[in-house]
Amino acid sequence: MKRLISTAVMLLLAGSLTGCIEVANKVDKVMTLRTWETENSPVIYATFNAATGVRVSFSTRTFPVQIADSDAWLRFTIDYGNAFVQLHKIEVTHLTRDLQPFDAFLAWADKPLATRQAEKAQINARADYVSNHYSVVNEAGTDEPLFIFRGDIFLFSDPVQLALTREDVANIIVEAQRVQRLYNLKNAKGSS
């Protein structure tokens, strides 16, 4: 009987703590004027060593995604505490335009290695790649096509370079399309 009562009390406490955590998150969101939620995504990134041309195998992590409360945009963002490394903002009303760098990578990645090598400089010179610090490479040793992006996280150090595989870039597109569907559903309900 004591065990049953203690189990019930523990479940009650756990349930109330869950509610407290939700309230604390909502208060934090209002106090910091944040207009988005951060979610886990199916996208995995790895640190890329430019000197060797390979991914650092033990560095793979899930790429969190920020989604606007209105579902009008999403942004894949890594919080290093002192800095953020992120892909460009994807607006659902400009989805075709905002997904072009990822579509270009997937088209390039589907080509044979010799063609990829020949076209690598051309794709890396694209305005949307240069302005967002994106590039494409064929990983040394495996020749796997990788989408590389970089970010400055420490004041006096080289920028960190991170890599996405073909599957992860495809998952970015799928996630963007999912958010666009949510946005369209919200707006369809609002107009009827």
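Observations on the model:
- Fully extended contour minus Cα-Cα distance, from PHE84 to LEU182, at 0.36 nm per residue: 32.7 nm
- Pair THR38, LEU113: separation of 7 Å Cα→Cβ label points (nm): 3.9 nm
- Qualifying trypsin sites (Lys or Arg not before Pro) in the stretch 32-109, DSSP loop, other Cβ atoms within 10 Å at most 13: ARG34
- Using the Cβ of ALA188 as centre and a radius below 13 Å, the other residues enclosed give a net charge of +2, where K and R count +1 and D and E count -1.
- Taking 7 Å steps out from each Cα toward its Cβ at SER57 and GLU167 produces label points 1.6 nm apart.
- Accessible surface of the stretch 85-192 [probe 1.4 Å, protein heavy atoms]: carbon and sulfur percent: 53 percent
- For the stretch 70-116, the residue among PHE102, THR77, THR115 whose Cα projects farthest onto the positive side of the dipole built from Cβ charges is THR115.
- Gained length - THR142 relative to ALA127, 0.36 nm times residue gap less alpha-carbon distance: 2.6 nm
- Positive-end extreme of charge dipole, the stretch 128-184 - chosen from LEU182, VAL136, ILE153 (charges on Cβ): LEU182
The values are calculated or read from the model by the stated rules, or taken from the named source; none is laboratory data. Quick caveat: nothing in here was measured; it's all calculated off a predicted structure. Heads up, the Cβs are rebuilt from the backbone with ideal geometry, glycines too, and the neighbour counts pull from every protein chain shown. Only protein heavy atoms, including side chains, enter the accessible area calculation; ligands, DNA and RNA are left aside. Shrake-Rupley method; radii C 1.70, N 1.55, O 1.52, S 1.80 Å.
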